[in-house]
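The values are calculated or read from the model by the stated rules, or taken from the named source; none is laboratory data. What you see is a predicted model, and the numbers here were worked out from it, not measured in a lab. Note that each Cβ is placed from the backbone with ideal geometry, even for glycine, and that neighbours are counted across all protein chains shown. Ligands, DNA and RNA are excluded from the accessible area calculation, which covers all protein heavy atoms including side chains. Shrake-Rupley method; radii C 1.70, N 1.55, O 1.52, S 1.80 Å.
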Amino acid sequence: MNTRFETVSLPLDVPFEIARGTTETAENVIVEIEHDGEIGYGAAAPSRRYGETTATVEGILPELLDVVETVGDPHARRTIADRMKTVTRENPAAKAAVDIALWDLVGKLLSQPVYRLLGCSAAGDDRPPTSFTIGIDDTETMVERAREAAAAEYPVLKLKLGTDRDIEIVSAIRKAVPEAILRVDANEAWTPKEAVEKCRKLDSYGVEFVEQPVGADDPKALRYVYERSPLPIAADESCRTPADVPAIADRCDIANLKLMKTGGLTPAVELIHAARAHGLDVMCGCMIETNASIAAATHLLPLLDYADLDGSLLLESDPYAGAPVSAGRFEVENVDRGTGATLR
Ligand code: MG
């Protein structure tokens, strides 16, 4: 097997602000794994929140790809994953890039789309649509973006909050797009009491659920909010790997997985099973990502209750195409083989 990687800069359509900071250009690291004349694509979208940068991905990938070449069998994903764990216990985005590229490659070698390798059928109007995320901005701008997203037929909008005008924002957007399903994500910004108060007010605006109201470093705070909030609570920063699921099971309703937190599709499926076993609903989110990685996550849709897979949709342009998306629904049934990630 031949392997290579390359860092790409991906300018965003509009600067993306959340409670923690603003992104104008995302850097992803594309991984290619070649075997028997086929190339599998994957990508890492490192997040500083989880201790990763482009430099840490570039630093560890040679060792991870050395594992792939040494094992020499693209079908042996679990063997490769186990050996990657002995290289590093951390670096989940770097591992995700490798794991995704292997799934894409195996799908191409077997001429099957990844959802079929996962035991799912393409049929299913029950596949959840993706939300479209509105980053923090002045209220008028957020309202305008919400109107544009609704006009583009996205049925679900996710509003980033964590400002001193959170309720004003939701009130204005609710008025502008009365039909839209609204979710909010505070990205750990609220105190427990503030979170409960805001959840009660957000409930009156028909918000569907609230994501990560309080800091992941304070599990008691999450429990406090969960017990008092009239709205369902999703755990994102509090839910990184399958091993985190038991600890969040009695303090949230929805586990929010991301390939860049779990380390790829293989552990993402484990997280879904763990969450189901604990009675949680499951959402799959993403970072600001190219389709080289998002395309893989769209194959999990038959296994999910909620999807937030708009990472590539927020880019000014993406060098890779994935499953076509229409009115927020990924048409994964149109993928013939692999993840469907193709160089444009
Ligand atoms: Mg989130």
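Descriptive notes on the structure:
- Total residues in the range 278-303, condition open to solvent by 10 Å² or more (accessible area, probe 1.4 Å) and in contact (Cβ under 8 Å) with a residue 60 or more places away in the chain: 5
- As a summary of the residue check, Val14 satisfies the conditions (1) aliphatic (A, V, I, L, M); (2) open to solvent by 40 Å² or more (accessible area, probe 1.4 Å); (3) assigned to a helix (DSSP H, G or I) except for the one numbered (3).
- Some residue of the range 136-152 being closer than 23 Å to Leu257 by Cβ and touching a Pro at 6+ places or on another chain (Cβ under 9 Å): no
Conditions tested, residue by residue: (1) under 16 Å from Arg240 (Cβ atoms); (2) without any contact (Cβ under 8 Å) to a residue 40 or more places away in the chain.
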| position | (1), (2) |
| --- | --- |
| Met260 | yes, no |
| Arg276 | no, yes |
| Ala327 | no, no |
| Asn334 | no, yes |
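- Criterion (touching a strand residue (DSSP E or B) at 6+ places or on another chain (Cβ under 9 Å), within 27 Å of Arg240 (Cα to Cα) and within 16 Å of the ligand (Cβ to nearest atom)) met by exactly one of Val214, Val210: Val210
Per-residue answers, yes or no, for (1) closer than 18 Å to Leu309 by Cβ; (2) β-branched (Val, Ile, Thr); (3) within 12 Å of the ligand (Cβ to nearest atom):
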residue	(1), (2), (3)
Val225	no, yes, no
Ala243	no, no, no
Pro246	no, no, no
Ala249	no, no, no
Gly264	yes, no, no
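- Condition met for Leu300 (closer than 27 Å to Ala249 by Cβ, outside any loop (DSSP other than H, G, I, E, B) and touching a Cys at 6+ places or on another chain (Cβ under 6 Å)): yes
- Search result, residues across the range 19-45 that are within 16 Å of the ligand (Cβ to nearest atom), in contact with a strand residue (DSSP E or B) (Cβ under 9 Å, 6 or more places away or on another chain) and open to solvent by 30 Å² or more (accessible area, probe 1.4 Å): Ala19, Thr22, Thr23
- Residue list for the range 209-239, restricted to those being surrounded by fewer than 18 Cβ atoms within 10 Å (Cβ to Cβ) and either charged (D, E, K, R) or free of Cβ contacts under 8 Å to residues at least 12 places away in the same chain (or both): Asp217, Asp218, Lys220, Arg223, Glu227, Arg228
Each row is one residue, and each column tells you yes or no for (1) within 17 Å of His299 (Cβ to Cβ); (2) touching a residue at least 12 places away in the same chain (Cβ under 8 Å); (3) within 22 Å of the chain's Cα centre (by Cα); (4) open to solvent by 20 Å² or more (accessible area, probe 1.4 Å).
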| site | (1), (2), (3), (4) |
| --- | --- |
| Thr79 | no, no, no, yes |
| Asn91 | no, yes, yes, yes |
| Gln112 | yes, yes, no, yes |
| Ser121 | yes, yes, yes, yes |
| Thr133 | no, yes, yes, no |
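- Total residues in the range 260-285, condition acidic (Asp, Glu), touching a strand residue (DSSP E or B) at 6+ places or on another chain (Cβ under 9 Å) and closer than 24 Å to Gly51 by Cα: 0
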